[in-house]
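In what follows, a structure is listed as structure tokens, so that the remarks can point back to it.
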Amino acid sequence: MTDLFSKFDPLIEQRETLLSTGLTDPFNLVMERVESPTVAICNGRRTILLGTYNYMGMTFDADVIAAGKKALDEFGSGTTGSRVLNGTYAGHRAVEQALKDFYAMDHAMVFSTGYQANLGIISTIAGKDDYVVLDIDSHASIYDGCALGNAQIVAFRHNDIEALEKRLKRIPEGAGKLVVLEGVYSMLGDVAPLKEMVAVSKANGAMVLVDEAHSMGFIGEHGRGVAEAQGVIDQVDFIIGTFSKSVGTVGGFCVSNHPKFEILRLVCRPYVFTASLPPSVVATAATSIRKLMETTDKRAHLWENSKRLHAGLRQLGFTLGTSEPQSAIIAVIMPDLEMGAAMWEALLKEGLYVNLARPPATPAGMTLLRCSLCAEHSGDQVDEILAMFGAAGRATGCI
Ligand SMILES: Cc1ncc(COP(=O)(O)O)c(C=O)c1O
């Protein structure tokens, strides 16, 4: 019998070697208590959180929590069914209306996660004779959507407008084309040149889907994302997003103005063949989305935090993923996995949690300490974070 697990042996060995040095497992940390969007207790110690996607700090918002509790009392703990059977409650309709209002779009469809939103929309609209042209650094859920739909995948070099154009021109005449882009790429925190890319895609007859998971609520005049900030949101056919980042709960969605959009509710397997989100979750999401429409002060403060952290880390001598801060994500590039893991642990001992990111999630085999800021981080906390980076960097010999 072939052991179907033998393919994991190299990873098991690499992990065991790393942990045999006495290192804390960076992928197994427990938050023993969470005190606020920016502070938790880990290993019995107060820890500043700099590795969550809680960009707008909505997880502890009093109105959001009250809405969740009310829905729990009034509608129970779960729907126990699919959206197309017994799983559409008033709250699911309400959160879809909140999304339509937030994006000023005609249609909104909510999924159980952002992963499922990409999986569902891409696999349903791009079938085996269609082409999906995507940035090579696309999120796993985008690749998995292409695989589920059996679409022809054509990848182009990260954020390279000319490469996108070349790939589009090579696709056979008359074939269905979907260009998939992200507003902010989550590993390095860099922004896509959507203005140029959307123009090139449209000139070559492609539909465009933009995943704005890491920009919602923060980037663009109304927080609609990078497509809004770059003035092309009206030309984008589908926007994918998630409730697990700025919205502060869990769930995923697609918004669109396509006149036939609603048919997707009957043909999209990751929407039909799974249970819908619990009433408390959709109630928290709807409340949070409506509040995100009026959070310009918080957005400005988040930008300040991002600029302050980026400048401070650079001054300490760290190599960063972008030369200027472009989003709420600041990636610190580590020379290798060993140093990345050592820095990660040294930071944790200082009282700071960041994400350790490694291949295959990262581009070009990089190991990253990914820092994601929250609008609730105070200026003092950012200074504390910088002091911890300085101490950990010196202790490990990283700087
Ligand atoms: C670009 C992008 N799309 C989609 C997702 C999936 O979101 P969710 O956590 O809601 O499944 C993520 C999550 O990390 C992401 O970074």
I'd like the distance between the alpha-carbon centres of region 299-376 and region 13-79, rounded to an integer number of Å. 18
On the accessible surface of the chain, probed at 1.4 Å with all protein chains in place, carbon and sulfur together account for a percent value of 54
Gyration tensor over alpha-carbon atoms, the chain, equivalent ellipsoid semi-axes in Å: 33, 26, 22
For region 310-399: accessible area per residue (Å², 1.4 Å): 36
Pairs over 21 Å Cα to Cα, from LYS177/LYS260; LYS166/LYS260; LYS100/LYS260; LYS245/LYS291, come to LYS166/LYS260
DSSP-loop trypsin sites (Lys or Arg not before Pro) across region 232-313, with at most 12 other Cβ within 10 angstrom: LYS260
Using the Karplus curve 6.51 cos²θ - 1.76 cosθ + 1.60 with θ = phi - 60°, work out ³J(HN,Hα) for each residue of region 198-211 in order, rounded to whole Hz, and write x for Gly and Pro. 5, 4, 4, 5, 5, 4, 9, x, 9, 7, 10, 10, 10, 8
Restricting region 137-227 to GluC sites (Glu not before Pro) in coil, as DSSP defines it, with at most 13 other Cβ within 10 Å: GLU173, GLU221
So what is the relative contact order of region 352-395, in percent, for Cα pairs below 8 Å that sit 6 or more residues apart? 31
Okay, helix-only estimate at 222 nm for the chain: each DSSP H run of n ≥ 4 adds -39500 (n - 2.57), divide by all residues, round to 500 deg cm²/dmol; what do you get? -12500 deg cm²/dmol
Cβ-defined net charge surrounding TRP303, 15 Å radius [Lys, Arg +1; Asp, Glu -1]: -1
Surface per residue (accessible, 1.4 Å probe) for region 104-164, Å²: 39
Among the DSSP beta bridges whose two residues both lie in the chain, what percent are antiparallel, rounded to the nearest 5? 60
For GLN326, the net charge from surrounding residues (Cβ-Cβ under 13 Å; K, R +1; D, E -1) works out to -2
Connecting C-alpha atoms closer than 10 Å in a GNM of the chain, tell me which of PHE273, PHE261, PHE253 has the biggest fluctuation. PHE273
Lysines with Cα under 16 Å of LYS307, excluding same-chain neighbours fewer than 8 positions away: LYS298
Across region 61-292, what fraction of all alpha-carbon pairs, as a whole percent, falls in each successive 10 Å bin from zero upward? 8, 35, 36, 17, 4, 0
Cβ under 13 Å from PHE273's Cβ, PHE273 left aside: what net charge do those residues give with Lys, Arg +1 and Asp, Glu -1? +3
Taking the alpha-carbon distance from LYS70 and a cut-off under 20 Å, which aspartates and glutamates remain once sequence neighbours fewer than 8 residues away in the same chain are dropped? ASP61, GLU96
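The values are calculated or read from the model by the stated rules, or taken from the named source; none is laboratory data. On a predicted model such as this, the values are computed, not experimentally measured, just so you know. Because the Cβ atoms are built from the backbone with ideal geometry, glycine has one as well, and the counts that use them run over all protein chains shown. SASA here: full protein model, heavy atoms, side chains in, ligands and nucleic acids out. Shrake-Rupley method; radii C 1.70, N 1.55, O 1.52, S 1.80 Å.
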